[in-house]
Amino acid sequence: MKKYLKNILAATMVLSMATALAACGSAPADNKEDANADGAENSGKQTLTLATSADFPPYEFYEGGEIVGIDAEVAKAIADKLGYEFKIEDMIFDAVIPAIVSGKADIGMAGLTITEERQQSVDFTDSYATGVQSVIVKEDSDIKSVDDLLAEGANHKVGVQTTTTGDFFTTDDIEKAGKGTVERYNKGADAIEALKVGKVDCVVIDNEPAKAFVAANEGLKILDTQYASEDYAIALGKNSELTAEINQALKELKEDGTIKGIVDKYIKAE
């Protein structure tokens, strides 16, 4: 009997030791997971998420089911340099800034320029590219230059993509000045379709996508005179810790020629 009890006690001790050893063996894995979670929280994000509107070539557009373009590649280069994983969230342009504010995305790039209105909601990095606002008209249009849109007595319907700088500029210069009306569309392509069927007299949009739209649609042209010139920057949350990191990454990517190489890949010198 004593021998039987002794065997049971020995077995119980072995089982207890095995359980303890198993617990000790799993502790580092659990601690490692906790450390990774804490590290992600302390550094901001393990994955850098870009909010964009992928209907804006050559800055962001779909190619074979993948989002490519200047903004997509610059953001990926920044993520690589900073050691982050990279993810893109596609949405309508009007949702990009709200996505940053809500925390759904870390950064926003969609041909964004710095405006006082946007700065009320988000911060911006240094500029990484320069854009031009151009005017698209039908080839037989009576609008020959930007001056025709801004002249006293003018009364044109202008198509824009909503909440873009084209929208902001024309709202102030044309609509509020009583020189015409502004028709707003969720996508630049929708504004172009409106122009083709005569719902608007012209479309004000960034020059690079303007060139793509004109190349894809017969009977349209870009006016020789530009509407405005502006610098593109990256939007981030207010007081984001990422701002300084990304500005430093941008500086280095400019200095080593990475950004120029990306821009030159999509925008050929004329």
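Within the range 155-169, identify whether any single residue is loosely packed, with under 15 Cβ neighbours inside 10 Å and either of a type in the set (D, E, K, R) or in contact (Cβ under 8 Å) with a residue 24 or more places away in the chain (or both), and answer yes or no.
So far as the range 155-169 goes, yes, one or more of its residues are loosely packed, with under 15 Cβ neighbours inside 10 Å and either of a type in the set (D, E, K, R) or in contact (Cβ under 8 Å) with a residue 24 or more places away in the chain (or both).
For the range 240-253, enumerate the residues that are more than 13 Å from Ala75 (Cα to Cα) and charged (D, E, K, R).
Matches in the range 240-253: Glu241, Lys251, Glu252.
Which one of Ala212, Ala216, Ala235 is open to solvent by less than 60 Å² (accessible area, probe 1.4 Å) and either at pLDDT 95 or above or of a type in the set (Asp, Glu) (or both)?
On the way: Ala212 fails: either at pLDDT 95 or above or of a type in the set (Asp, Glu) (or both); Ala216 fails: open to solvent by less than 60 Å² (accessible area, probe 1.4 Å).
Only one candidate passes the filter, namely Ala235.
Take the residues of the range 238-253 that are part of a helix (DSSP H, G or I) and of a type in the set (Gly, Ala, Ser): which is least open to solvent (accessible area, probe 1.4 Å)?
Checked the range 238-253; the qualifying residue least open to solvent (accessible area, probe 1.4 Å) is Ala249.
Identify, please: which residue in the range 174-195 is modelled with pLDDT of 95 or more and among the charged types (D, E, K, R) and is, among those, most open to solvent (accessible area, probe 1.4 Å)?
Going through the qualifying residues, I end up with Lys176.
Does Asp190 satisfy being under 25 Å from Gly153 (Cβ atoms) and out of contact with any Asp or Glu (no Cβ under 7 Å at 6 or more places or on another chain)?
Against the criterion (under 25 Å from Gly153 (Cβ atoms) and out of contact with any Asp or Glu (no Cβ under 7 Å at 6 or more places or on another chain)), Asp190 does not qualify.
Considering Glu245, Glu230, which residue is farther than 22 Å from Val132 by Cα and within 18 Å of the chain's Cα centre (by Cα)?
On the way: Glu230 fails: farther than 22 Å from Val132 by Cα.
Going through Glu245, Glu230 in turn, the sole match is Glu245.
So, in the range 257-270, how many residues would count as being outside any helix (DSSP H, G or I) and open to solvent by 90 Å² or more (accessible area, probe 1.4 Å)?
3
Quick one: is Asp126 open to solvent by 40 Å² or more (accessible area, probe 1.4 Å) and closer than 30 Å to Leu250 by Cβ?
Yes: the conditions hold for Asp126.
Restricting to the range 89-112, name every residue that is surrounded by fewer than 20 Cβ atoms within 10 Å (Cβ to Cβ) and either in a strand (DSSP E or B) or among the aromatic types (Phe, Trp, Tyr) (or both).
Correct list: Glu89, Asp90.
The values are calculated or read from the model by the stated rules, or taken from the named source; none is laboratory data. Everything quoted here is computed from the prediction, not taken from an experiment. Note that each Cβ is placed from the backbone with ideal geometry, even for glycine, and that neighbours are counted across all protein chains shown. Please note that ligands, DNA and RNA were not included when accessible areas were found on the heavy atoms of the full protein model with its side chains. Shrake-Rupley method; radii C 1.70, N 1.55, O 1.52, S 1.80 Å.
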